[in-house]
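Report on the following structure.
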Amino acid sequence: MYKRFYWLSLFLLAGSFCHAQFTYKLDQTIKGEIDGKGLGLMWAGGLNAAQINTMDLNGDGLQDVVVFDRTANKVITYLAQGNVLQYAPDYESLFPTEISQWMLLRDFNCDGKKDIFTSDPFGIIVFVNTTKSGKQLSWRAYNPGFPLLTAGFSSNINLKVNESDIPAIDDVDGDGDLDILNVRFVGIGTVEWHKNLSIERTGRCDSMQLQRITQTWGEFEDCACGKISFSGGKTCDQLLSGGRSQHTGGKSLLSIDLNNDGIRELFFSEESCSNLYLLSNTGSVANPLMSSFSNFPAGNPITMPFFPTPYYEDVDFDGLRDLVVSPNLSSRNSLSNDFSKSLLLYKNTGTAQVPQFTLTKNNFLQEQMIDVGDFSVPAFFDFDGDGDQDLFISTYIKGTSATIFQFENINTAAVPYFKRISDDFFGLSVLNSYNLKIQFADMNADGKMDLVFSSTSKVNGRTTLRYIVNSANDRFLVEDATSKPTNLSLSLGENWIVVDVDQDGQTDILVGNDTGGVEFWKNQGTPDTNTYTMISSNFLGFGSSTDRQNLSFAIADLDADGKADLVTGDQRGVLSIYRDFRTITSDAQRVTKILFNELTNEYESRNLGGRIWPTTTNLFNSTKPAIIVGNLLGGLMILRNDEGTELPPEPAVSIFPNPYNFSNTSPLKVKSDRDVFVRFYNTLGQPLSENYFVPANQDYPINMTLLPAGVYIAQFLWNGKTYSRRFVVY
């Protein structure tokens, strides 16, 4: 029995040790600017289709901002610090995982704590806020296992809402409890009123006792974009001149009393339309009557490409509820979507009783963060040769073509500060393409880091991999700007990484394909003519899987053990790490619970923004690099290893075997505790090679078999300084 316990203890300790190498915290300490303005939410990860809510997250009595972004299926939390918002990602994990499609926070039971209403395949589900004073957020299902019910005309039924719809959940009749307005699930485009009878039956607003009162609330019918039929006016058939009403697609509703008469007006929008409509109510509380509509706002209507949806919350902390409008899309449906400016803030410049809305920003929250639109892909390279890493981000599309955003590190390698220099680095917008993804890698085996990119042509729809040759040793300098093609074609969503998989000195390619597999494309050409042949479609055991379609990759020595580890990102926004990737035999070796949550005091996996793309670099002068993640939301997040210690002032570099036998068939190897460049000289100071890029903590092979016997010098370049090591060939 003792022996069994002893071996079990060793096994558990070994597993704990393995996990401990890959432990991170989301870091927001690195600063930066765009157009001279500092970014208070720089690494908050971007936004696309933001559903805006407020609630008290931390029990300090202040309303914080909670966003659900439909494109990434992600709750995003910001704490109010005075009148400034601070990104607070640890709170996101405290929300139920069942939240999907839409989320509205409303206090239905009048206890002063907002509850959750969200979509369910069978209707609407509700989570009751059960948070105790001084404790962290907690919830329970209002009706476990069942959607919200309403009394129909003959019996209780599910309150059905299309998954793309957003209902109005408000006190429509002014009796003190929350009612629900929704566009009819099937059939004609009229609005149902589900009255809450909690007050009438119990005198308390502590439940959702719903009854469907009417299917024609407001006496109007949506016919098509900009075509609405009102009672006593033209019918849909007449408005459409015999055409068919368009009742497919999502609808959103928001009811507001705009003139303090106790009767609610209605904001209305459709998935396929670009305008937000305001319907005027000339009826009464008991008998609402919509008699006309206008594009909102008058004089300068919203012209969002698709589905502008309003939210009524106080987001600038002045005591007045503002209007925030964002597209309620589940995914990009057109190249015309500009997801870098997708949150319109209409500040309430009136009163609480008679609000007036004035457009003040078209990029609310986004103005304070890196947000390049969507599908942000980060890459780092010392562009200017000053010894620190500069930041580059490609995006799906900007305006009419995809581009690369360039951020220069204008401070130091140990304390970076990123300033945006360009939003069209190297003028790649001339390619007239979209779906741009980038990496810096040595494509022609000359020791220089080239710019590699894939993009999809707007002319023929083909996605190809190309590269631009770098002619400089320690910076980016191009003599021939013509991009060189590879023979690798990709599908629209496939992701890739350039890496020397078999360590033969030439760059191979791994592809995360549409079916969830990983393809290994071996380079069987010459340095000047890269020719890739697929060797395996389920490399390292990664076969087809619906859980990991179009995997993205980063490869680096994350735990400073001298072996390259693999980082993958999936379509759910979750990172996985595999130790020593060349020895992976199954998917079971992955580690996903890598992010520390200070609220729960546990490591967890987390959605980092849907369809993520990781890369690695050393941003903190640490023995272990950081992971930087781009995502579907167009922003970035930084994961800092929480066990990394500070690097010594000078790099620890080695050359082995030393002395080296020139008749040896195995290569000379160099190793450094950080990314460096190395160049070889004879004792007269004459250069014998170009600069080679040596990644941190890895045995980097260099073929020196042609050198005659003698003494040589390896000169390492790091942070603008050189360090020399002698070695002997015999």
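Ordering 156-162, 270-276, 198-204 by mean Cβ neighbour count within 10 Å, with the highest value first, yields 270-276, 156-162, 198-204. The H on the amide N of Leu276, modeled in the peptide plane, is under 5 Å from the matching H of Phe296, Ile302, each at least 5 residues off or on a different chain. Sequence-ordered 3J(HN,Hα) estimates for segment 541-553 from the Karplus curve with 6.51, -1.76 and 1.60 and θ = phi - 60° stand at x, 7, x, 4, 6, 6, 7, 9, 4, 6, 4, 10, 9 Hz, glycine and proline given as x.
The aspartates and glutamates within cross-link reach of Lys624, meaning a Cα-to-Cα straight distance under 13 Å and a gap of 8 or more places when in the same chain, are Asp557, Asp559, Asp561, Asp565, Asp642, Glu643, Glu646, Asp673, Asp675. A Förster radius of 45 Å combined with the Cβ-Cβ distance from Thr592 to Asn661 puts the calculated FRET efficiency at roughly 0.50.
Approximating the spin labels as points 7 Å out from Cα along Cα→Cβ, the Val415-to-Asp35 distance works out to 2.9 nm. Residue ranges 99-112, 66-79 sort as 66-79, 99-112 when ordered by packing (mean number of other C-beta atoms within 10 Å per residue, highest first). Against the main long axis of the alpha-carbon atoms of the chain, helix 2-20 sits at an angle near 80°. Per residue, the chain reaches -1000 deg cm²/dmol at 222 nm when only DSSP H runs of four or more residues are counted, each adding -39500 (n - 2.57). Which residues does the label zone of Gln715 cover in segment 434-448, counting backbone N under 18 Å from a point 7 Å along Cα→Cβ? The answer is 447-448, whose backbone nitrogens lie closer than 18 Å to the label point.
For segment 503-585, pairs of C-alpha atoms spaced more than 22 angstrom apart make up 29 percent of the total.
Within a straight-line Cα-Cα reach of under 18 Å, Lys522 can be paired with the following aspartates and glutamates, leaving aside sequence neighbours fewer than 8 residues apart in one chain: Asp442, Glu494, Asp500, Asp502, Asp504, Asp508. Normalised by the number of residues in the chain, the mean separation of alpha-carbon contacts (under 8 Å, six or more apart) gives a relative contact order of 10 percent. Only one of the values (1) 33.7, 138; (2) 29.3, 101; (3) 26.0, 80 was calculated from this structure for Rg and Dmax of the Cα atoms in Å; name its label. Structure-derived value, by its label: (2).
Proximity of backbone amide H atoms, modeled 1.01 Å from N, is registered between Ser292 and Ser280 at under 5 Å, excluding neighbours fewer than 5 places apart on the same chain.
Between the amide H of Tyr417 and those of Ile410, Asn411, Thr412, distances stay under 5 Å, these residues lying 5 or more places away or on another chain, with hydrogens modeled in the peptide plane. Each principal axis of the Cα cloud of segment 162-303 was taken in turn, and the coordinate range along them, longest first, works out to 49, 33, 28 Å. Of the peptides 452-458, 425-431, the order by per-residue mean of other Cβ atoms within 10 Å, starting with the highest, comes out as 452-458, 425-431. For Lys341, give me every one of the lysines with a C-alpha distance below 18 angstrom, ignoring sequence neighbours fewer than eight places off in its own chain. Qualifying lysines at Cα under 18 Å: Lys37, Lys361, Lys398. In sequence order, what are the phi-derived ³J(HN,Hα) couplings for segment 442-449 according to the Karplus relation 6.51 cos²θ - 1.76 cosθ + 1.60 with θ = phi - 60°, rounded to whole Hz, with x for glycine and proline? Listing the rounded values in order: 7, 7, 10, 6, 10, x, 10, 8 Hz.
The numbers here are math on the coordinates, done by the rules we state, and not lab data. Keep in mind that this is a model prediction, so the values were computed, not measured. All Cβ positions, even for glycine, are placed from backbone atoms using ideal geometry, and neighbour counts span all protein chains on display.
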